[in-house]
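The values are calculated or read from the model by the stated rules, or taken from the named source; none is laboratory data. Everything numeric here is computed off the predicted structure, so don't read it as measured data. Note that we place each Cβ from the backbone using ideal geometry, even for glycine, and neighbour counts take in every protein chain shown.
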């Protein structure tokens, strides 16, 4: 029985799991959002939200030591305390948001994008937006569906041409 055994093992032993979460957390702090599997994103959310709570509530010098103990990255700790601290002060929790992206083409693993939520909104970069588009699996469409969409497009194009002809005839009548 799994009574009182919280957390996911992610198919790794303890040391590997700690390093994985540490590296994911540092990447999330550096980039603002990352794309990973759904299970890793959910576990990372637990890990990073505890760290951010320490950042905003405790004495700064002691909190920096505690956060550095978890992250082992000076740049990430500096960014948390200088850039992100003010954004999270008024927020009572829920510092991250997870978006499901569908299944990865290679092994059908459920993919997710985890992002930090700041006062200005969700942090996103242009690189990650293109990466998300590449990760989405393409749906296979049948010949009938393709024919229907093609017919709809042709009908829209004809409507646009008719509207343009009407506008030109109205302009000529006004002259």
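Determine whether segment 73-88 contains at least one residue that is touching a strand residue (DSSP E or B) at 6+ places or on another chain (Cβ under 6 Å) and free of Cβ contacts under 8 Å to residues at least 40 places away in the same chain. Yes, some residue in segment 73-88 is touching a strand residue (DSSP E or B) at 6+ places or on another chain (Cβ under 6 Å) and free of Cβ contacts under 8 Å to residues at least 40 places away in the same chain. Among all residues of segment 117-131, there is at least one that is at pLDDT 90 or above and under 31 Å from the mean Cα position of the chain (by Cα).
Taking the criterion of being in contact with a strand residue (DSSP E or B) (Cβ under 9 Å, 6 or more places away or on another chain), part of a loop (DSSP other than H, G, I, E, B) and either surrounded by 15 or more Cβ atoms within 10 Å (Cβ to Cβ) or on the phi > 0 side of the Ramachandran plot (or both), the residues of segment 90-107 that qualify are 94, 95, 104.
A count restricted to segment 51-83 and to residues that are modelled with pLDDT of 90 or more and in contact with a helix residue (DSSP H, G or I) (Cβ under 8 Å, 6 or more places away or on another chain) stands at 20.
When restricted to residues that are in a helix (DSSP H, G or I) and touching a residue at least 40 places away in the same chain (Cβ under 8 Å), segment 55-72 contains 2. For residue 87, the criteria (1) in contact with a helix residue (DSSP H, G or I) (Cβ under 9 Å, 6 or more places away or on another chain); (2) over 12 Å from residue 29 (Cα atoms); (3) surrounded by 14 or more Cβ atoms within 10 Å (Cβ to Cβ) hold in every case but one, which is (1).
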